[in-house]
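Only one structure is covered here, and it is reproduced in the block below.
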Amino acid sequence: MIFNFVKDPLKVTKDLRFSNIETSNIINGLSIINVDINSNKDMRLLLNKYHPNEVYNGIRVKGALEGDSNKYISQFIDNKDKPNRINDLDINGNDLIKLDIYKRNIGFVLKEIMNSVISEEVDNNKEDLIKKALEIKEKLIYKRGKI
């Protein structure tokens, strides 16, 4: 794992009587230490994967280990309020159903749209997201036939 001397951090946190939520925050925060954060996209991918509190704690530890505890804080602040999760999008599954995208493909399409928003290929506004959804739908039709 992250620290050689801690073979089972989950067991250690349980032995120290941390709650399940605290244990999750600690483990996920520690896992961030090994992640390269070179761009806003990297930070947004972390915020997509982990809770903002976990990211904040993880980057503070990561920065401290690298000699500057505030190293990643400005990146975190710049990106924490941007859409980083599917629920933050200005489009949802109901919008995709109206575009005649089958329910079985909605999750895939939303993930692709989220990746495009994180990569800053498309803005998080309904008009642009609908265009992106239609583009993804066309690619699916080309690959799979009718969706």
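Can you name the number of the only condition in (1) at pLDDT 90 or above; (2) crowded, with 20+ Cβ neighbours inside 10 Å; (3) in a helix (DSSP H, G or I) that VAL55 fails?
The failed condition is (1).
What pairs come up if the first residue lies in segment 47-74 and is over 12 Å from VAL35 (Cβ atoms) and touching a residue at least 12 places away in the same chain (Cβ under 8 Å), the second is of a type in the set (Gly, Ala, Ser) and assigned to a loop (DSSP other than H, G, I, E, B), and their beta carbons are under 7 Å apart, counting only those six or more places apart or on different chains?
Going by the 7 Å Cβ cut-off, the qualifying pairs are ARG60/SER69.
Within segment 28-66, how many residues are of a type in the set (Phe, Trp, Tyr) and under 10 Å from the mean Cα position of the chain (by Cα)? Write out each step before concluding.
Step one: of segment 28-66, the residues of a type in the set (Phe, Trp, Tyr) are 50, 56.
Next, only the ones that are under 10 Å from the mean Cα position of the chain (by Cα) stay: 50.
Residues that pass the stated criteria total 1.
Given the criteria in a loop (DSSP other than H, G, I, E, B), of a type in the set (Ser, Thr, Tyr) and over 13 Å from the mean Cα position of the chain (by Cα), does SER69 qualify? Reasoning before the result, please.
Numbers: in a loop (DSSP other than H, G, I, E, B): yes; of a type in the set (Ser, Thr, Tyr): yes; over 13 Å from the mean Cα position of the chain (by Cα): yes.
In short, yes.
Consider GLY93 against the criteria (1) at pLDDT below 90; (2) over 15 Å from the mean Cα position of the chain (by Cα); (3) among the small types (Gly, Ala, Ser): it satisfies all of them except one. Which criterion is unmet?
(1)
The values are calculated or read from the model by the stated rules, or taken from the named source; none is laboratory data. Small disclaimer: the values here were computed from a predicted structure and weren't measured. Cβ coordinates were reconstructed from backbone atoms using ideal geometry, including for glycine residues, and neighbour counts include every protein chain displayed.
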